[in-house]
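The values are calculated or read from the model by the stated rules, or taken from the named source; none is laboratory data. In this text the structure is predicted, and so the values were computed from the model without any measurement. Methodologically, a virtual Cβ is constructed for each residue, glycine included, from the backbone with ideal geometry; neighbour enumeration extends over all protein chains shown. Just the protein is used for accessible areas: all its heavy atoms, side chains included, with ligands, DNA and RNA removed. Shrake-Rupley method; radii C 1.70, N 1.55, O 1.52, S 1.80 Å.
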Amino acid sequence: KLLSAAPFTPEELLRAVHPDDRERVAEALGRAFDARLGGEYVVEYRTRGIEDGRHRVVSTRGRVIFDQLGRPERFVGTGVDITNELRAMERLRFLAAVSTVLSSSFDYRATLSDLARLAVPEIADWCVIEMLSEGGPIEQVAAVHSDSSKEALAAELRRRFPPELVPRAGIKHVLARGRTAFIPVVTEELLAGAASGPAHPELLR
């Protein structure tokens, strides 16, 4: 719970709110500060921590206390960080959807394509699925991007620089090492190290 006895203005509250949620929070504040509506304030919104910069989802509930003339006198309320609870619910919904997709068809190509489209934009901006067939080459069975115009770039990237030509990074590197690769930040040095030609880094960008 987030508790504060310090005075603050609605403007100060809105500055801590995610830009996409400010209008909704401002409307909730407007209703709360209208004595004719009872002064109740209930809203969920995204915010960013002042000290750590982390994004969170906060559920707030409160009430504006008015004086005898109907003027706002003080505000009493609480804010609860519900970020972890929401993420847990989203994971469960995603896993349930994945289970449905996996049992919907015996055509593995269609199933994997559906999985990629399920992942975007639910948990990723883009998703590419590559498969290694027995004794055959690495085959791309799905490529989905939240910006459909970039799917053509992904196809060009795969055509010009297939995994067989990029041994130092990507799926070929993962298969050779037999270990999962997690890259949280893609740096210019990483792009340069993975490149197999002058045009490769630009396509990756």
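Summed over segment 180-195, the residues that are over 19 Å from CYS127 (Cα atoms) and part of a loop (DSSP other than H, G, I, E, B) give a count of 2.
Looking at segment 56-69, which of the residues that are out of contact with any Phe, Trp or Tyr (no Cβ under 8 Å at 6 or more places or on another chain) and surrounded by 11 or more Cβ atoms within 10 Å (Cβ to Cβ) is modelled with the lowest pLDDT? Step through it out loud before you land on a result.
Keep residues of segment 56-69 that are out of contact with any Phe, Trp or Tyr (no Cβ under 8 Å at 6 or more places or on another chain), which gives 56, 59, 66-69.
Add one more test, that the residue is surrounded by 11 or more Cβ atoms within 10 Å (Cβ to Cβ), and what stays is 56, 59, 66.
Numbers: ARG56: 90, SER59: 95, PHE66: 94.
Per the criteria, the residue is ARG56.
Among the residues of segment 27-53, those identified as at pLDDT 90 or above and either among the small types (Gly, Ala, Ser) or open to solvent by 100 Å² or more (accessible area, probe 1.4 Å) (or both) are ALA28, GLY30, ARG31, ALA32, ALA35, ARG36, LEU37, GLY38, GLY39.
From the list VAL144, VAL174, which one is closer than 23 Å to ASP125 by Cα, out of contact with any Pro (no Cβ under 9 Å at 6 or more places or on another chain) and touching a residue at least 24 places away in the same chain (Cβ under 8 Å)? Outline the logic, then answer.
On the way: VAL174 fails: touching a residue at least 24 places away in the same chain (Cβ under 8 Å).
Answer to the check: VAL144.
The set of residues from segment 70-101 being in a helix (DSSP H, G or I), among the hydrophobic types (A, V, I, L, M, F, W, C) and in contact with a strand residue (DSSP E or B) (Cβ under 9 Å, 6 or more places away or on another chain) comprises just one member, LEU86.
Of all residues in segment 73-85, those satisfying the criterion of being closer than 27 Å to ARG56 by Cβ and either small (Gly, Ala, Ser) or over 36 Å from the mean Cα position of the chain (by Cα) (or both) are ARG74, GLY77, GLY79.
Any idea which residue in segment 112-137 is farthest from the chain's Cα centre (by Cα), counting only those that are assigned to a strand (DSSP E or B) and buried (at least 16 other Cβ atoms within 10 Å of the Cβ)?
Taking segment 112-137 and keeping what is assigned to a strand (DSSP E or B), we get 126-132.
Applying the additional criterion that residues be buried (at least 16 other Cβ atoms within 10 Å of the Cβ) yields 126-130.
Numbers: TRP126: 11, CYS127: 13, VAL128: 17, ILE129: 20, GLU130: 23 Å.
The residue in question is GLU130.
For segment 145-153, check the following and say yes or no: at least one residue is farther than 23 Å from LEU118 by Cβ and among the aliphatic types (A, V, I, L, M).
Of segment 145-153, the ones farther than 23 Å from LEU118 by Cβ are none.
No, because not a single residue in segment 145-153 is farther than 23 Å from LEU118 by Cβ and among the aliphatic types (A, V, I, L, M).
Taken together, ARG179, ARG109, ARG160 contain a single residue that is exposed (fewer than 11 other Cβ atoms within 10 Å of the Cβ), of a type in the set (Lys, Arg) and free of Cβ contacts under 8 Å to residues at least 60 places away in the same chain, which is ARG179.
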